[in-house]
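The values are calculated or read from the model by the stated rules, or taken from the named source; none is laboratory data. Being a predicted model, the structure only gives us computed values, none of them experimental. Glycine also receives a Cβ, built like all others from the backbone with ideal geometry; neighbour counts cover every protein chain displayed.
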Amino acid sequence: MNNSMWTMFLNLSLFSILLGVCGLYCILVTRNLFRILIGLELITKGITLLLIAAGYITGHTATAQALVITLIALEVVVIVVGGGIILSIYWNNKSMDVRNLRHLKG
């Protein structure tokens with residue numbers, strides 16, 4: 001592994017960690033349900049980028065691509081189901097605030 005590949009890996013891993021931290025901050029600070037979903041999306045994009053960088057550095061690009069495609073498929077399902085749940089909560093409460101979920105009884 002040469003020096004330029006190592007530098008690229010460090011830059012990509014730093015950026016993916018930064019994406020994960022931004023997503024975690026978005027999840028922990030906001031009270032809006034759609035922003036929480038966007039924070040989850042940021043975390044998964046950071047993981048995807050880290051998997052691609054690790055696959056490129058180790059030379060196992062086919063394995064990394066298979067993992068990333070699987071992750072993207074799971075991510076789409078989670079986002080669609082989460083969006084549907086959030087829309088249902090909005091239709092019932094007329095609010096997307098997390099604090100209003102305490103009033104739901106089922």
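Can you name the residue in the stretch 26-38 that is of a type outside the set (S, T, Y), without any contact (Cβ under 8 Å) to a residue 40 or more places away in the chain and surrounded by fewer than 19 Cβ atoms within 10 Å (Cβ to Cβ) and, of all such residues, is farthest from H60 (Cα to Cα)?
Residues of the stretch 26-38 that are of a type outside the set (S, T, Y), as a first pass: 26-29, 31-38.
Adding the requirement that they be without any contact (Cβ under 8 Å) to a residue 40 or more places away in the chain leaves 26-29, 35, 38.
From what's left, surrounded by fewer than 19 Cβ atoms within 10 Å (Cβ to Cβ): 27-29, 35, 38.
Numbers: I27: 32, L28: 35, V29: 37, R35: 34, I38: 30 Å.
Once the filter is applied, the top-ranked residue is V29.
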Completion exercise
Residue pairs within 9 Å by beta carbon, gap of at least six or interchain, first lying in the stretch 95-106 and in a strand (DSSP E or B), second modelled with pLDDT of 70 or more and surrounded by 10 or more Cβ atoms within 10 Å (Cβ to Cβ), listed first then second, are D97/R31; D97/N32; D97/L33
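Of everything in the stretch 69-89, what is more than 30 Å from G55 (Cβ to Cβ) and without any contact (Cβ under 8 Å) to a residue 40 or more places away in the chain? Give them in sequence order. Working first, answer last.
The initial filter retains those residues of the stretch 69-89 that are more than 30 Å from G55 (Cβ to Cβ), namely 84-89.
Residues satisfying the conditions are G84, I85, L87, S88.
Looking at T70, T44, which is the one that is surrounded by 15 or more Cβ atoms within 10 Å (Cβ to Cβ) and β-branched (V, I, T)?
Working: T70 fails: surrounded by 15 or more Cβ atoms within 10 Å (Cβ to Cβ).
Selected residue: T44, the only one of T70, T44 that is surrounded by 15 or more Cβ atoms within 10 Å (Cβ to Cβ) and β-branched (V, I, T).
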Fill in the blank from the handout: Over the stretch 73-103, the set of residues surrounded by 14 or more Cβ atoms within 10 Å (Cβ to Cβ) and farther than 22 Å from I38 by Cβ is none
Practice task
Consider only pairs whose beta carbons are under 6 Å apart and that are at least six residues apart or on different chains; among these, list those whose first residue lies in the stretch 51-68 and is in contact (Cβ under 8 Å) with a residue 12 or more places away in the chain and whose second residue is surrounded by 17 or more Cβ atoms within 10 Å (Cβ to Cβ) and hydroxyl-bearing (S, T, Y).
Solution key: V68/T48
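Inspect all residues belonging to the stretch 9-20 and state whether any of them is without any contact (Cβ under 8 Å) to a residue 40 or more places away in the chain, under 24 Å from R102 (Cβ atoms) and out of contact with any Phe, Trp or Tyr (no Cβ under 6 Å at 6 or more places or on another chain). Step through it out loud before you land on a result.
Filtering the stretch 9-20 for residues without any contact (Cβ under 8 Å) to a residue 40 or more places away in the chain gives 10-11, 14-20.
With the extra rule that they be under 24 Å from R102 (Cβ atoms), the set shrinks to none.
No, the stretch 9-20 has no match at all.
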